[in-house]
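Taking it in order: structure first as structure tokens, then the write-up.
The values are calculated or read from the model by the stated rules, or taken from the named source; none is laboratory data. Worth saying up front: this structure is predicted, and the values here are computed from it rather than measured. Because the Cβ atoms are built from the backbone with ideal geometry, glycine has one as well, and the counts that use them run over all protein chains shown. Side chains included, ligands, DNA and RNA excluded: accessible areas come from the protein's heavy atoms. Shrake-Rupley method; radii C 1.70, N 1.55, O 1.52, S 1.80 Å.
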Amino acid sequence: MEFRKVIGGAVFGMTAFAATLASAQEVNVYSLRQEFLVAPLFEKFTEQTGVKVNVIFAEKGLVERIKQEGANSPADILMTVDISRIQQAVDAGVTDSVSNGVIDANIPAHLRDPEGHWFALTQRGRAIYASKDRVAEGEIASYEDLADPKWEGKICTRSGTHDYNIALFASMIAVHGEEKAKTWLEGLKNNLARKPQGNDRGQVKAIKEGECDLAIGNTYYFGKMLDDEEQRTWAESVNIVFPNQNDRGMSMNISGMSLIKSAPNRDNAVKLMEFLTGDVAQQIYAEVNYEYPVKPGVEWAENVKSWGTFKADELPLAEIARLSPDAIKMVDQIGYNE
Ligand code: FE
């Protein structure tokens, strides 16, 4: 599951990796994001600064690992995805506050922690996917519409407790308050075509196969499905709908980074954080996964542009993190997954 690697250099064993931790020309990143997403960024950074980036990749468990390593952890930066997972790292006490003019100027305030414990690096929308054949354009326009009884038996989603859905449900609590949000979620549950299951792409597949007409899914999966020979037909069977364009905009989530409290290479870490929020890195990072840059004015990838522009909800992600536990409770209370 886990491996370690030095981008642009030799592969280190654990001992060598640990032994290099105080070197002035290195920075150590623990990444919960896959190698193909971040490797191009680190190569550019090393090219520009001469600072080598050592990376440990894993699908999970990195926060626990940093905790176990304690003050001796070689970790300087944690890169991860989804606001609730980012918040978990902060709650675990492994992150530190960064106050830096360059980073703050690059990242809009709603996409970073007011305390400086995390910063967004890319964003993705929680879109609605609608059958081209069975849903007329404009027939579904908002998240609120998903609870309309006219869609009874027509909607597919993944588990209600998945982080992606929790963030969306938390945003509904932020906008409507707990009581109304709960009524909405009950309405959505009543419209489900089947028990929540699978991943975002699986819901689009279900539309293609006629099991449902609408699904909720992250924007970048549209690009990923179009890239995949088998999944292309799934994507081609739907329109991607950007919700709530007449009011608050599409609900957004992020991938992000945090400085680790015990960072042995703090200066290089901050240098890397500045770089990751700059124009060059922003364009590369967003492009490799069909995401949206967080720095205003950075150009989108061509195919991402072709899906159209949209208004993004600027609800602070910190607010979504704060309301996530309430959203989880709400999902349980109404038995969304049952
Ligand atoms: Fe995803």
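Here are some notes:
- Amide H within-cut-off set for residue 31, under 5 Å, with H built and near neighbours excluded: 56, 57, 58, 79
- Alpha-carbon centroid distance for the pair region 105-162 / region 214-240, whole angstrom: 15
- Full-extension gain in nm, residue 306 to residue 47, via 0.36 nm per residue minus C-alpha separation: 90.1 nm
- Pair-distance profile P(r), taking every C-alpha pair of the chain, with 10 angstrom steps and integer %: 6, 25, 32, 23, 11, 3, 0
- Among 148, 163, the order of accessible area from largest down is 148, 163, computed with a 1.4 Å probe on protein heavy atoms.
- Taking 29 Å as the straight-line reach from the Cα of residue 208, the lysines in range (excluding those fewer than 8 positions away in the same chain) are 132, 150, 154, 189, 195, 224, 305, 311.
- Charged neighbours of residue 259, selected by a Cβ distance under 13 Å, balance to -2 (K, R count +1; D, E count -1).
- With every protein chain in place, region 146-275: carbon and sulfur % of accessible area (1.4 Å): 41
- Segment residue 209-residue 115, extension gain: residue separation times 0.36 nm, minus the distance between their alpha carbons: 29.2 nm
- Positive minus negative residues near residue 165 (Lys, Arg vs Asp, Glu; Cβ under 12 Å): 0
- Near residue 338: Cβ cut-off under 13 Å, other residues only, Lys/Arg at +1 and Asp/Glu at -1. The net charge is +1.
- Estimated at 0.36 nm per residue, the fully extended path between residue 88 and residue 59 surpasses their Cα-Cα distance by 8.9 nm.
- With both labels modelled 7 Å from their Cα along Cα-to-Cβ, the residue 333 to residue 152 distance reads 2.5 nm.
- Percent RCO, i.e. relative contact order, over the chain, from Cα pairs under 8 Å lying at least 6 residues apart: 27
- Take the Cα of residue 280, step 7 Å toward its Cβ, do the same at residue 137, and the gap between the two points is 4.1 nm.
- Overall shape: oblate for region 18-96, with the ratio a/c of the largest to smallest alpha carbon gyration tensor axis at 1.5 or above and b/c at least equal to a/b.
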